Amino acid sequence: MDWRIMSDPNILKVCPECSEKLYPNKGKFTVEQLLKAIMVKSAFSAGKRVEHMWVKVSEVQVENQLVKGTVDNTPTEITHLIFGDFVFVPFKDIEDTWIEGQVPESVKRLLEIKEEELKAEEFVRSMFDVVETISSSRG
């Protein structure tokens with residue numbers, strides 16, 4: 001997965017193909033889950049720019065299949081939205097939910113990916129240590 005934490009640790013750059021892997025439950029949340037959610041995550045776009053942001057839920061409109069809420073991030077890529085703007089998110093576009101007391105699935109996946117990368121980095125470092133030890137013992 002190609003992703004980078006930017007200078008602000010709350011901002012993460014994700015390649016377009018990777019966002020599908022990061023949000024495999026997009027559009028699959030039940031009404032019950034949405035009614036419990038304090039926030040939902042959705043992608044917002046402007047031209048070719050896309051930004052995934054949390055929306056603080058103020059109303060779930062079951063009949064219209066929409067979540068109404070306010071943008072809970074400060075956009076860095078999308079200039080037509082600002083923190084606190086009211087938006088409507090179609091159920092089909094909801095990528096993740098934040099239910100009080102539960103860690104969002106996308107956050108869990110990012111933590112797992114980071115842990116895998118750290119283990120791989122540690123393994124590579126240990127291999128260099130072995131090579132260095134062998135080299136120094138021969139000298």
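No lab work stands behind these numbers, since they all come straight from the coordinates. Just so it is clear, the structure is predicted and the values come from calculations on it, not from any experiment. In this analysis, Cβ positions are derived from the backbone assuming ideal geometry, glycine residues included, and neighbour counts consider all displayed protein chains.
For Ser58 and Lys21, what is the calculated FRET efficiency with R₀ set at 25 Å and r taken between the beta-carbons, to the nearest 0.05? Calculated transfer efficiency: 0.25. Over all other residues within a Cβ to Cβ distance under 15 Å of Gly84, the charged ones net out to 0, with Lys and Arg as +1 and Asp and Glu as -1. Taking other C-beta atoms within 10 Å as the exposure proxy, Phe91, Phe86 rank Phe86, Phe91 from fewest upward. Counted by neighbouring Cβ atoms within 10 Å, the residues Met39, Met53 run from fewest to most as Met39, Met53.
Cβ crowding within 10 Å, taken as a proxy for footprinting-reagent exposure, orders Lys28, Lys36 from fewest neighbours to most as Lys28, Lys36.
Cross-link pairs exceeding 29 Å between alpha carbons, from the set Lys26/Lys56; Lys28/Lys68; Lys92/Lys119; Lys28/Lys56; Lys48/Lys92; Lys28/Lys108: Lys92/Lys119.
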